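Working notes, beginning with the structure itself.
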Amino acid sequence: MMMLLSIAMVAALLSAAFVVLRWPTYQCIGDTPLPTLSFVAILFTSGLDVGLIMFPLIDFQAYATEADYSFASPLVIEFGFWGGLVWGFYFLTTLYFCAIEPRLKLFELAPIRWVHNLVVIATCAFTAYLFLTFLPSYIAGISPMATYLLVGTVIVLAVLSSTRLSVLRILSLTSTGLFFVLIAAAWLASGIGVSGLLGTMSGLSSYLANLDRFILPINEYHGFYLSWWFAWSIMIGQFVARFVNGMAAWKLLIAILIVPSIPIALWFSVLFGYFADGTPVSDSITLLMIVVGILFVINSLDSLTRLYSQNLGLTVEALGRYRYVLTHVGLLAGLVVLYQFTPLKIEWIGMIVIGLYVAIYGLVFLRRGQLTDGAYQTPPSSGV
């Protein structure tokens with residue numbers, strides 16, 4: 001599995017580099033273009049979940065004590081797992097759904113369509129299941145009943161949110177704004193000051209120096225993260241591609257690869273200040289972390305529910321609002337309960353998605369004539 005993951009990583013990153021170098025000015029536009037700020041907010045909150053908020057303080061300790069990570073600081077390791085190169089997956093798939101899928105329509109082929117949507121549904125429910133699993137570690141003393149009620153409420157809110165695009169925009173912008181409020185509040189509470197924060201962030205330069213170490217899986221835990229990124233890559237690319245507003249490919253790369261990495265770097269640097277100084281996180285900051293983390297989960301479930309419901313024709317327009325909510329809440333809640341009795345791992349879903357990559361690569365090669373004939377010999381340029 002690790003070998004397949006390594007090959008897939010190299011192939012995906014080389015593909016992303018090739019397309020942006022070959023067609024840097026290709027104009028990417030979706031069928032529902034939104035302002036760049038809204039696009040980035042939807043991308044950021046859909047492509048991440050509560051783990052970004054809660055995992056670092058736990059992970060820092062492991063990275064500081066395990067030999068596999070001795071080549072860099074725990075801050076650099078955590079950033080390498082969540083930021084930088086891994087966002088290249090989303091760039092590659094977003095570009096595919098903007099430029100290639102409208103011409104080849106490969107995701108309308110029955111086998112690919114059904115496998116892809118089963119992956120979306122499985123991952124959507126699995127995200128809620130992981131939230132259920134880790135919730136007791138986020139909220140000390142929470143009872144099993146309260147845990148189930150909170151997860152159920154999150155699922156209901158996510159499904160309700162998925163009924164209107166305007167709600168998604170508001171939710172994404174609000175969640176992103178609150179994330180920056182959390183960063184500022186945690187930074188002020190940490191007492192590290194401006195110089196301390198800048199000094200900590202300067203240590204992230206080691207990420208670039210060790211970039212090659214993050215391309216291939218370091219160990220099984222890193223493999224878990226990379227499998228998660230692969231599992232999410234196609235569906236997030238398909239989802240956010242519709243909101244791209246005519247950006248050139250190189251601008252899309254910046255919007256997807258670099259822009260989200262900046263707040264991630266800020267957040268991790270603030271948390272690393274707590275870790276390095278041994279300062280406990282206050283109850284008020286912990287509460288804000290939980291609130292923002294829950295909003296991120298709602299965003300993620302909203303995006304994936306919206307995606308598979310549209311792909312399969314299970315929309316509000318087709319079912320009516322009442323049946324739509326009942327259908328998707330019942331499906332996701334049922335799968336969350338079922339996952340407690342199954343050995344499903346995100347690594348398995350990641351392998352299925354890698355299989356989809358292989359199928360798409362092969363079909364694009366076989367049908368490449370449809371991309372180069374007539375008017376499509378030269379990709380359209382935005383001129384910037």
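Please treat every number below as a calculation from the coordinates, not as lab data. A quick note: this is a predicted structure, and the numbers were derived from the prediction, not measured. Cβ coordinates were reconstructed from backbone atoms using ideal geometry, including for glycine residues, and neighbour counts include every protein chain displayed.
At q = 0.10, 0.11, 0.12, 0.19 Å⁻¹, work out log10 I(q)/I(0) for region 62-216 with the Debye formula, treating every Cα as an identical point scatterer and leaving solvent out; two decimals please.
Values, matching the q order: -0.64, -0.78, -0.93, -1.37.
How would you classify region 111-167 from its alpha-carbon gyration tensor, with a ≥ b ≥ c the square roots of the eigenvalues: rounded for a/c under 1.5, else prolate if a/b is greater than b/c, otherwise oblate?
Because a/c hits 1.5 or more and a/b fails to exceed b/c, region 111-167 counts as oblate.
Take each uninterrupted DSSP H stretch in the chain, measure its Cα extent along the helix axis, and return the ones at 20 Å or beyond whose mean Kyte-Doolittle hydropathy is at least 0.0.
Span-like helices in the chain: 2-22, 110-138, 144-161, 165-190, 220-241, 261-277, 283-311, 321-339, 346-366.
Can you give the extra length, in nm with one decimal, that the chain gains between ALA110 and SER70 once fully stretched, where that is 0.36 nm per residue apart less the Cα-Cα distance?
Separation in residues times 0.36 nm, less the Cα-Cα distance, equals 9.7 nm.
Taking the chain as a Gaussian network, where each spring joins two C-alpha atoms under 10 Å apart, which residue of PHE214, PHE89, PHE296 fluctuates the most?
Fluctuation is largest for PHE214.
I'd like the FRET efficiency for LEU287 and ILE7, computed as 1/(1 + (r/R0)^6) with the beta carbon distance as r and R0 of 51 Å, rounded to 0.05.
Calculated value: 0.70.
Classify region 272-317 as rounded, prolate or oblate from the Cα gyration tensor: take a ≥ b ≥ c as the square roots of its eigenvalues, call it rounded if a/c is under 1.5, otherwise prolate when a/b beats b/c and oblate if not.
Prolate, since a/c reaches 1.5 and a/b exceeds b/c.
Taking the dipole about the Cα centre of the chain, with the C-beta of Lys and Arg at +1 and of Asp and Glu at -1, give me whichever of GLY203, TYR148, ILE42 is farthest to the positive side.
Working it through, the farthest residue towards the positive pole turns out to be ILE42.
Above 26 Å lies some portion of the pair distances; for the chain, what is it as a whole percent of all C-alpha pairs?
The calculated P(r) of the chain puts 52 percent of pairs beyond 26 Å.
For region 256-298, what's the radius of gyration and Dmax over Cα atoms, in angstrom?
So, for region 256-298, Rg and Dmax equal 12.3, 34 Å respectively.
Which of LEU149, LEU226, LEU135 moves most in a GNM of the chain, Cα contacts under 10 Å?
Among LEU149, LEU226, LEU135, the largest GNM mean-square fluctuation belongs to LEU149.
Between SER195, SER172, SER206, which gets the highest mean-square fluctuation from a Gaussian network model of the chain, Cα cutoff 10 Å?
Maximum fluctuation in the GNM of the chain, among the listed residues, is at SER195.
Compute the length gained on full extension between GLN370 and VAL156: take 0.36 nm times their separation in residues and subtract their Cα-Cα distance, giving the result in nm to one decimal.
The GLN370-VAL156 span can extend by a further 72.8 nm.
List residues of region 161-179, by number, whose backbone nitrogen lies under 15 Å from a label position 7 Å along Cα→C-beta of THR327.
Under 15 Å, as judged by backbone N against the label point of THR327, lie 162-164 of region 161-179.
Using modelled backbone amide H atoms (1.01 Å from N, in-plane), which distant-in-sequence or interchain residues come within less than 5 Å of GLY246's amide H?
Counting only residues 5 or more places away or on other chains, the set is CYS28, ILE29, GLY30.
Mind giving me the nanometre distance, one decimal, between the label points for ARG22 and ALA189, set 7 Å out from Cα along Cα→Cβ?
Computed distance between label sites ARG22 and ALA189 equals 4.9 nm.
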